[in-house]
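Read through the structure below, which is laid out as structure tokens, and then see the notes.
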Amino acid sequence: HNFLTKNKYPEYWQPMETNYQEFQVDVNSTEFKRVASLFRATLPTFKICGISRLQNKKLWKMYSQEAKGFQMRYQIPEYDPDKYERLLFHGTRASEPRKIAESLDQGLDISFSKDSGLWGRGIYFAVNASYSDIYAYNDPGTRKKSFFLVRVLTGYSYFSTKEMNDTKKPPLNKNTGQRFDSVRSTTGGSEVFIIYENTKCYLEYLIAVSYTHLRAHETGRNLVCRLLLEKK
């Protein structure tokens, strides 16, 4: 994974001639199993219909430049994502995910964030897919949802034990005199991270799932009855 210093794009990317392309990840691959495992850790009953790798050259260049800045700032000689980078879930609610992923401008754009967030005007990510479930995009006319799995430069995080509604930047780190890279907290049964700059994240995967599944203490016959009622 030392692609920030050796390669222009990730070594696992497939060849492409356009700026943006989406590739279906082989269900038998290690890559698919790794992403599926992260998702199923908290949403085991959802059926994964497909996982797409999102390859956007322009947005990757913006992200990799930001990551190189992290390497220099923290004097990390080799690319080691465990030191400052995480794979986290994000839902886009009413916004169609693919339109965001194929953007040549920003990808996830903080200007669309609301000031009413618990930790201010930032871009929110969750360790658990179950937390992002309430924010996931519902494909119109289907029983399917879409989640992003995002590569996020969390760096040194400020852990917040209370709401910070008016936050627009992470607090200052008294030990370094610089601002923290992100804000971290827990809510809704998940650890969450908030960043306040667009270039600190890259949309890596789009996970399509079906949520026609058994609820707790529900039998197959109950499920059929519920689906018939929900159609009315």
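The values are calculated or read from the model by the stated rules, or taken from the named source; none is laboratory data. Just so we're clear, the structure is a prediction, and the values are computed from it rather than from any experiment. A quick note on method: Cβ atoms are made from the backbone with ideal geometry, for glycine too, and the neighbour counts reach across all protein chains shown. Remember, those area values only see protein heavy atoms, side chains included, never the ligands or the DNA or RNA. Shrake-Rupley method; radii C 1.70, N 1.55, O 1.52, S 1.80 Å.
Distance in nm between label sites at ASN173 and SER210, each 7 Å beyond Cα in the beta-carbon direction?
Computed distance between label sites ASN173 and SER210 equals 4.6 nm.
Under the Kirkwood approximation for Rh and a Cα-based Rg, what ratio Rg/Rh is obtained for region 27-73?
The Rg/Rh ratio comes out at 1.15.
Residue separation times 0.36 nm, minus the C-alpha to C-alpha distance between PHE112 and THR187: what's the value?
24.8 nm
If you filter region 93-149 for trypsin sites (Lys or Arg not before Pro), then keep DSSP loop positions with at most 12 other Cβ within 10 Å, what is left?
Within region 93-149, the qualifying trypsin sites (Lys or Arg not before Pro) (loop, at most 12 other Cβ atoms within 10 Å) are ARG93, LYS114.
Compute the relative contact order of region 77-183 as a whole-number percentage, counting only Cα pairs closer than 8 Å that sit 6 or more residues apart in sequence.
34 percent
Normalised by the number of residues in region 16-100, what is the relative contact order in percent for Cα pairs under 8 Å and 6+ residues apart?
Result for region 16-100 is 30 percent.
Taking Cα atoms of region 94-155, Rg/Rh with Kirkwood Rh, to two decimals?
Rounded to two decimals, Rg/Rh equals 0.95.
Identify the GluC sites (Glu not before Pro) of region 65-168 meeting these criteria: DSSP loop state and at most 12 other C-beta atoms within 10 Å of the C-beta.
Those that pass, being in a loop and sparsely packed, are GLU78.
Could you look at region 21-174 and say what percent of its accessible area is carbon and sulfur, using a 1.4 Å probe and all protein chains?
51 percent
Determine which residues of region 164-203 fall in the zone a paramagnetic label at SER103 would reach in this model, i.e. backbone nitrogen under 16 Å from the point 7 Å along Cα→Cβ.
195-203
What pairs in LYS114/LYS145; LYS144/LYS169; LYS33/LYS162; LYS68/LYS114; LYS99/LYS144; LYS68/LYS144 have C-alpha atoms more than 27 Å from each other?
Going by Cα-Cα distance, LYS144/LYS169; LYS33/LYS162; LYS68/LYS114; LYS68/LYS144 fall outside the 27 Å limit.
How high is the FRET efficiency from ARG73 to THR161, r the C-beta distance, R0 45 Å, rounded to 0.05?
Working from the Cβ atoms, E equals 0.95.
Can you tell me the Rg and the Dmax, both Å, for the Cα atoms in region 114-207?
When restricted to the Cα atoms of region 114-207, Rg and Dmax are 14.3, 52 Å.
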